[in-house]
Amino acid sequence: MSKIIDGKSFAASLRAEVASKVAVLKERDGIVPGLAVVLVGEDPASQVYVRNKGKQTVEVGMQSFEHKLPDTTGQDELMGLIDQLNSDDSVHGILVQLPLPSQIDEKAVINRINPDKDVDGFHLTNVGRLSIGDNGIVPCTPLGCLMMIKDQLGDLSGKHAVVVGRSNIVGKPVANLLLQENCTVVITHSRTKNLVEECQRADILVAAVGRPEMITGEWVKPGATVIDVGINRIDAGDGKTRLVGDVDYASAEAVAGKITPVPGGVGPMTIACLLHNTLQQACRINNVEVPE
Ligand code: NDP
């Protein structure tokens, strides 16, 4: 097996699996999963994400509903749209693209989404379900990380996992998932003392820091599995930019047992897991089995 964890091909096979299950669901139960994506404003990066999500949603045979609102949109209007999507039977997943403009209370909007349609897994109910090990909706990027780790390592029981970063969208949910898999989990952050030594103990090292190439080979235990969630755009020196992770790939790759590259590692898994979550919820909401 290759040392490099190929997220691009893993995501492609997950999307193919979702597509075949969507086809069965349509045929067997007459249900077409629907994903609604709400974009407020014109942030260029968000526009690209939303376009990609819409395209991939249609490619797996689901219905895609895009709602693009101006950046002057008020709280009440956005809440009204969420209510409308909550009660729309053809919508099984609702994703509000973050960040939202400053006049909008982001938490209030996320918590207005019906928890069963919260395919991003950010609603307090789903955060709570994950923390007590209940069967809720798991945020997409952390779910993608776990799928890749399990695919590489199988049973994770007893492994020492170190997560660098404690954000609500990546660090904490990844740590919770690894805990559920019976890892011994250490969550580190900007105030952690002896960060390098903490990382050197990791069988599984997950980097979700947002600092380009911070984690070098010296931090990695020989043979460890390294998952790099970071997406950082840096100056390539020739007037262009390039994408790098939070891990210094060249030095870490020489020591790690397995490692995700950037780009082509965790990144492609996020939308694939979004489609996976939407399929799961379409089945759950309609009270039918997820096709085998
Ligand atoms: P946040 O900025 O929300 O969190 C960063 C975390 O890293 C914080 O907990 C912070 O600690 C910690 N941190 C910052 N500096 C240090 C340091 N010097 N030493 C130790 N810890 C540090 O980032 P996100 O979790 O949202 O994202 C992390 C990375 O993942 C980013 O590069 C982002 O672009 C990427 N990302 C990729 C996704 C994908 O689809 N692949 C999806 C989401 C994010 P503290 O809490 O103490 O401030």
List ASP71, ASP246, ASP120, ASP83, ordered by accessible area with a 1.4 Å probe, largest first: ASP71, ASP83, ASP120, ASP246
Helix-only [θ]222 nm of the chain, DSSP H runs n ≥ 4, -39500 (n - 2.57) each, per residue, nearest 500: -13000 deg cm²/dmol
Cα centroid separation, segment 113-155 to segment 8-73 (Å): 18 Å
Residue among LYS68, LYS193, LYS55 with the largest mean-square fluctuation in a Gaussian network model of the chain, springs linking Cα atoms under 10 Å: LYS193
Farthest positive-ward along the chain dipole, Cα basis, beta-carbon charges - from PRO44, LEU177, HIS123: LEU177
Furthest towards positive pole of dipole, PRO99, PHE65, LEU85, structure part segment 57-100, Cβ charges: PRO99
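Rounded to the nearest 0.05, what FRET efficiency do VAL48 and ASP88 give with R0 = 22 Å and r taken as the Cβ-Cβ distance? Could you check? Could the numbers behind the result be given before it?
Working: r = 26 Å, r/R0 = 1.18.
So, using R0 = 22 Å, E works out to roughly 0.30.
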Apportionment of accessible area to carbon and sulfur, segment 139-239, percent (1.4 Å): 46 percent
Prolate/oblate/rounded call for segment 159-292, Cα gyration tensor, a/c under 1.5 rounded: oblate
Residue of GLU198, GLU253, GLU27 that the Gaussian network model of the chain assigns the largest fluctuation, springs spanning Cα pairs under 10 Å: GLU27
Dipole in debye (nearest 20) - the chain, about Cα centre, beta carbon charges: Lys, Arg +1; Asp, Glu -1: 500 debye
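Give the accessible surface of the chain per residue, rounded to a whole number of Å², with probe radius 1.4 Å and ligands, DNA and RNA excluded. It would help to have the intermediate numbers written out before the result.
Working: 13640 Å² over 292 residues.
Per residue, the chain has an accessible area of 47 Å².
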Total charge dipole magnitude, segment 1-101, about the Cα centre, Cβ charges on Lys, Arg, Asp, Glu only, Debye to nearest 20: 660 debye
SER2/LYS107 FRET efficiency (R0 41 Å; Cβ-Cβ; nearest 0.05): 0.50
Debye intensity ratio in log₁₀ form over the Cα atoms of segment 4-49, taken at each q of 0.23 Å⁻¹: -0.86
Equivalent ellipsoid semi-axes - Cα gyration tensor, segment 95-221, angstrom: 28, 18, 11
The chain: C-alpha gyration tensor shape, a/c 1.5 cut-off, then a/b vs b/c: prolate
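So for the chain: antiparallel DSSP bridges make up what percent, rounded to the nearest 5? Don't skip to the end; give the middle numbers.
On the way: 4 of 32 bridges.
For the chain, the DSSP antiparallel bridge percentage is about 10.
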Per-residue ³J(HN,Hα) for segment 158-174, Karplus 6.51 cos²θ - 1.76 cosθ + 1.60, θ = phi - 60°, Hz, x for Gly and Pro: x, 6, 8, 10, 10, 10, 9, x, 10, 5, 6, 8, 10, x, 5, x, 4
Segment 191-207-segment 262-289 distance, computed between alpha-carbon centres (Å): 30 Å
Overall form of segment 156-221 per C-alpha gyration tensor (a/c, 1.5; a/b vs b/c): oblate
Helix 44-59 vs. the chain, principal-axis angle (Cα, 0 to 90°, nearest 10): 70 degrees
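For segment 20-91, with all protein chains present and a 1.4 Å probe, just round the carbon and sulfur fraction of the accessible area to a whole percent.
Working: 1820 of 3730 Å².
Exposed carbon and sulfur together represent 49 percent of the surface.
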Order by protection proxy (mean Cβ within 10 Å, highest first), peptides 172-178, 239-245: 172-178, 239-245
Within a Gaussian network of the chain (alpha carbon springs, distance under 10 Å), most fluctuating of ALA23, ALA224, ALA108: ALA108
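Using the crude model of +1 on Lys and Arg Cβ and -1 on Asp and Glu Cβ, and no other charge, please compute the dipole size for segment 170-292 relative to its Cα centre, in debye to 20.
On the way: 11 positive and 14 negative charges, 65 e Å.
Using Cβ point charges on Lys, Arg, Asp and Glu, segment 170-292 gives about 320 debye.
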Karplus (6.51, -1.76, 1.60) ³J(HN,Hα), θ = phi - 60°, over segment 263-280, in Hz, Gly and Pro reported as x: x, x, x, 5, x, x, 6, 5, 5, 4, 6, 4, 5, 4, 4, 5, 4, 4
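The values are calculated or read from the model by the stated rules, or taken from the named source; none is laboratory data. Bear in mind that the values here come from a model prediction, so they are computed numbers and not experimental data. Cβ coordinates were reconstructed from backbone atoms using ideal geometry, including for glycine residues, and neighbour counts include every protein chain displayed. Surface areas here come from the heavy atoms of the whole protein model, side chains and all, with no ligands, DNA or RNA. Shrake-Rupley method; radii C 1.70, N 1.55, O 1.52, S 1.80 Å.
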